[in-house]
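A quick write-up on the structure given underneath.
Every number here is computed from the coordinates shown, using simple stated rules; none is lab data. Since this is a predicted model, take the numbers as computed values, not measurements. Reconstructed Cβ throughout: ideal geometry from the backbone, glycine too, with neighbour counts over all protein chains shown.
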Amino acid sequence: MESKVIISPIDMQARAKLGLRSGDTVRVWQKIKEGDKTRLQAFEGLILSRKHGDEPGATFTVRKVVDGVGVERIFPLYSPMIDEVEVVRKSKVRRSKLYFVREKAAKEIRRQMRTIRAEKPERTDVVKAPVVEAKAEPAAK
């Protein structure tokens, strides 16, 4: 009987030992195929959740804010399309799922938008006054 060993293109032990946890800030380098070429694209953000432990179907959710809009991506931990996962910053959090960050971020963005609208001055056309040069008279003795 033949042994059916599947050889993975990634190092599964190295990915399992990364120690990704909720609250960590990571930079995920993903392979993107465009036509005949393959390029790497970074996605840096906060890990909101980690699901299914270290099993083959394990995933982690990363959130970042771009131009005031929250963007979330769910990455399979053992995906061959992920080239590298860098841990930028480790943080200690008291929850395993940080879904509350979604609402918190939205409230902060709304507050910032309110302050931006309040601080925006009305446009007034400014007319520069002509510059008048005065000649200095010599001092009389």
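Using 19 Å as the Cα-Cα cut-off, could you pick out the over-long pairs in Lys64/Lys97; Lys17/Lys37; Lys51/Lys97; Lys4/Lys33?
Violating the 19 Å Cα-Cα cut-off are Lys17/Lys37; Lys4/Lys33.
Pop the C-beta distance of Lys97 and Val69 into the FRET formula with R0 = 25 Å and round what comes out to the nearest 0.05.
For Lys97 and Val69, the calculated efficiency is 0.70.
Fully extended, how many nm does the chain gain between Glu86 and Gln41 (0.36 nm per residue separation, minus their Cα-Cα distance)?
Full extension of this stretch gives 14.9 nm more.
Taking the Cβ of Gln41 as the centre, find all other residues whose Cβ is under 13 Å away and add up their charges (Lys, Arg: +1; Asp, Glu: -1).
In short, +3.
Taking only the alpha carbons of the range 16-90, what extent do you get along each of the three principal axes, in Å, biggest first?
35, 34, 18
From the phi of every residue in the range 13-30, what ³J(HN,Hα) in whole Hz does the Karplus formula 6.51 cos²θ - 1.76 cosθ + 1.60 yield, where θ is phi - 60° and glycine or proline is x?
Values per residue, Gly and Pro as x: 5, 5, 5, 5, 8, 4, x, 5, 9, 4, x, 6, 9, 10, 10, 9, 9, 10 Hz.
Can you list residues whose amide H is under 5 Å from Asp83's amide H, if they're 5+ apart or on another chain and H is modeled 1.01 Å from N?
For Asp83, whose amide H was placed from the backbone, the distant partners under 5 Å are Trp29, Gln30, Lys31.
Could you check the spin-label model distance between Glu2 and Lys31? Points 7 Å from the Cα along Cα→Cβ, value in nm.
2.5 nm
Short version: ³J(HN,Hα) in whole Hz for each residue of the range 93-100, in order, from phi by Karplus 6.51 cos²θ - 1.76 cosθ + 1.60 (θ = phi - 60°), x for Gly and Pro, what are they?
Ordered by residue, 3J(HN,Hα) equals 10, 9, 10, 8, 10, 9, 5, 5 Hz.
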